[in-house]
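Asks: Supplied in structure tokens, the structure appears directly below.
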Amino acid sequence: MKVFKFGGASVRDAVGVKNLVSVLKEVGYDKTIVVVSAMGKTTNALEKILDNYFNDSKKTIDGLVQLKQYHIQIVKNLFGNDSFEIEETINKLFEELSGFLNSNKSPNYSFVYDQVVSIGELLSSKIVHAFMKFSGLENYWLDSRKCIKTDDYYRAANLDWELTSQNIKNGLKGHSLAVTQGFIGSNSNNFTTTLGREGSDYSAAIFAYVLNASSLTIWKDVPGVLNGDPRVFKKTKLLKKISYREAIELAFYGASVIHPKTLQPLQRKEIPLFVKSFENPKNEGTVVLKGKNLDPFVPCYILKKNQVLLRLSTIDFSFIVEENISYIFRLLHEYQMTVELIQNSAISFSVCINNKYDKLDELLLILRAKFNVEVNDGVDLFTVRHFNQEASNFIQNIGKPILLEQRTEETAQFII
Ligand code: ADP
Ligand code: ASP
Ligand code: MG
């Protein structure tokens, strides 16, 4: 078996879905499972719909109408006069969603989130399944909620590997070409759960792991993994080969081309991961496998924008010791701050955090009772793997003051 994953960008419109079929025809689709994400920016749109729903806004319905229209337009472009059946499927999914929203009494945002946002992947997989069939590629539509079993941790559910493994094997028996959804699963009560934003790569890795796949290919709008996000860095180079370990490091520091959880399952079974361009499927792209850490060996750049740098010192200028640090970390955890970097000196403790859940003001209120706190909001965190002279020149040329710098043998980080 081999596993293919097509992300939102690759199926954002009818041209993308047609291209998906062309890719399959070009590279072969025997014993293949195709994992798809929601189309284009559907997940973001669903998050907005949900916020309006929780704020009792009339915009909820407008959002639903627009999103349905977006999908209907895609199938009209794909199927022409033969779109009736798939339009019915789309209508039904939206009816179910409206039914859920009208009857829902749960105030649990995360629970409701998963029930609502999961429709994105259901829609895209139904459309892709139907269009593959329409194009002569007989295939099986697999409901990944029946396979991927998780705990109740809505929005970032944890996998039950044993149950999932049995279900996937049973679910795919006798099917040599299947289409399923990334990102979604279900818990023991059969409520839908999700694996975290951008989690489709991870779903694909789960399928690959369980099926002992020969490879996983993630089809992207870039030629492969580059040594920097081309939206941010000019003159990027294609990384032809990356070791699992190096890829894990890159993903950990924020190279958003691969979801960080994707790599561990693949590494455990040494399943190669290909990252390839869906526009040029025959090009080699990148392969992640066991071996030499990077080819070509060049510095890799990662930018995380809009971070917060806190510098703490004790009010009485006493030393920052373990007790203070453990107290600070407890608070960071409580206020759901992701810690990106720390640096400690005798009387000050600096920490760069990601204020993902907008809880900085609350956190500062508590911290300021015990510490002097200097805040630098909206800073950029540059991480460079395999720092060299070229990277040093690059950082200097940004032309903005470096607020904090930290280096190990392999990784340099700069807060700017
Ligand atoms: P999808 O969700 O469609 O699978 P993503 O948008 O999540 O795809 O990932 C592809 C994007 O990742 C690219 O368009 C690119 O801007 C970004 N990206 C970030 N870092 C890198 C990198 N090191 N190499 C290539 N692309 C990168
Ligand atoms: N559709 C989900 C998201 O946008 C999952 C994914 O695309 O990987 O986060
Ligand atoms: Mg993505």
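Asks: Does residue 200 meet the test of being away from ligand 3 (no atom under 16 Å from the Cβ) and on the phi < 0 side of the Ramachandran plot?
Replies: Judged against the criteria, residue 200 is not a match.
Asks: Return only the number of the condition from (1) in contact with a Leu (Cβ under 7 Å, 6 or more places away or on another chain); (2) part of a helix (DSSP H, G or I); (3) closer than 20 Å to residue 254 by Cα that residue 406 does not satisfy.
Replies: Of the numbered conditions (1) in contact with a Leu (Cβ under 7 Å, 6 or more places away or on another chain); (2) part of a helix (DSSP H, G or I); (3) closer than 20 Å to residue 254 by Cα, the odd one out for residue 406 is (2).
Asks: Go through 347, 325, 320 for me and flag whichever is part of a helix (DSSP H, G or I) and either over 20 Å from residue 254 (Cβ atoms) or among the small types (Gly, Ala, Ser) (or both).
Replies: After applying the criteria, what remains is 325.
Asks: Mind telling me which of the residues 282, 305, 290 ends up being away from ligand 2 (no atom under 16 Å from the Cβ), open to solvent by 20 Å² or more (accessible area, probe 1.4 Å) and in contact with a Ser or Thr (Cβ under 9 Å, 6 or more places away or on another chain)?
Replies: The conditions single out 290.
Asks: Out of 183, 131, which single residue is hydrophobic (A, V, I, L, M, F, W, C) and open to solvent by 10 Å² or more (accessible area, probe 1.4 Å)?
Replies: 131
Asks: For the range 324-337, name all the residues that are among the polar types (S, T, N, Q) and either under 15 Å from residue 361 (Cα atoms) or buried (at least 18 other Cβ atoms within 10 Å of the Cβ) (or both).
Replies: 324, 336
Asks: On to the next question. Find the strands (runs of 3 or more DSSP E) located wholly in the range 191-262 whose residues include 2 or more that are crowded, with 24+ Cβ neighbours inside 10 Å, near ligand 1 (Cβ under 8 Å from one of its atoms) and at pLDDT 95 or above, and list them.
Replies: Here the list reads 215-220.
Asks: A further question follows. Filter the range 141-159 down to residues that are buried (at least 17 other Cβ atoms within 10 Å of the Cβ) and part of a loop (DSSP other than H, G, I, E, B), then give me how many there are.
Replies: 5
Asks: Step by step: first the residues of the range 12-60, then only those that are away from ligand 2 (no atom under 15 Å from the Cβ) and at positive phi, then the one that is most open to solvent (accessible area, probe 1.4 Å). Which residue is that?
Replies: 56
Asks: While we're looking at this one, here's another question. Looking for something away from ligand 2 (no atom under 16 Å from the Cβ), more than 17 Å from residue 36 (Cα to Cα) and polar (S, T, N, Q) - is there at least one such residue anywhere in the range 256-263?
Replies: No - not one qualifying residue is present in the range 256-263.
Asks: While we're looking at this one, here's another question. Determine which single condition residue 357 fails, assuming it passes every other condition in (1) part of a helix (DSSP H, G or I); (2) exposed (fewer than 13 other Cβ atoms within 10 Å of the Cβ).
Replies: (1)
Asks: Go through the range 263-279 and report how many residues are closer than 26 Å to residue 382 by Cβ and in a helix (DSSP H, G or I).
Replies: Residues in the range 263-279 being closer than 26 Å to residue 382 by Cβ and in a helix (DSSP H, G or I): 2 in total.
Asks: Out of (1) over 19 Å from residue 38 (Cβ atoms); (2) more than 26 Å from the chain's Cα centre (by Cα); (3) in contact (Cβ under 8 Å) with a residue 12 or more places away in the chain; (4) not in a loop (DSSP other than H, G, I, E, B), the odd one out for residue 138 is which?
Replies: Evaluating residue 138 over (1) over 19 Å from residue 38 (Cβ atoms); (2) more than 26 Å from the chain's Cα centre (by Cα); (3) in contact (Cβ under 8 Å) with a residue 12 or more places away in the chain; (4) not in a loop (DSSP other than H, G, I, E, B) leaves (4) as the failure.
Asks: Here is a check on your reading of the model: is residue 210 among the β-branched types (Val, Ile, Thr), more than 15 Å from residue 119 (Cα to Cα) and within 13 Å of ligand 3 (Cβ to nearest atom)?
Replies: no
Asks: Return the residue satisfying two criteria in turn: it lies in the range 217-239 and is touching a residue at least 40 places away in the same chain (Cβ under 8 Å) and basic (Lys, Arg), and of such residues it is nearest to ligand 2 (Cβ to nearest atom).
Replies: Looking at the filtered set, the residue picked out is 220.
Yes/no per residue for (1) of a type in the set (Gly, Ala, Ser); (2) out of contact with any Asp or Glu (no Cβ under 8 Å at 6 or more places or on another chain); (3) closer than 20 Å to residue 32 by Cα; (4) within 14 Å of ligand 2 (Cβ to nearest atom):
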position	(1), (2), (3), (4)
146	no, yes, yes, no
150	no, no, no, no
156	yes, yes, no, yes
160	no, no, no, no
169	no, yes, yes, no
172	no, yes, yes, no
200	yes, no, yes, yes
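One line per residue, one yes/no per condition, for (1) free of Cβ contacts under 8 Å to residues at least 24 places away in the same chain; (2) in a strand (DSSP E or B):
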| residue | (1), (2) |
| --- | --- |
| 362 | no, no |
| 378 | no, yes |
| 381 | no, yes |
| 400 | yes, no |
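The values are calculated or read from the model by the stated rules, or taken from the named source; none is laboratory data. Everything quoted here is computed from the prediction, not taken from an experiment. Glycine also receives a Cβ, built like all others from the backbone with ideal geometry; neighbour counts cover every protein chain displayed. The accessibility values were calculated without ligands, DNA or RNA, using every heavy atom of the protein model including side chains. Shrake-Rupley method; radii C 1.70, N 1.55, O 1.52, S 1.80 Å.
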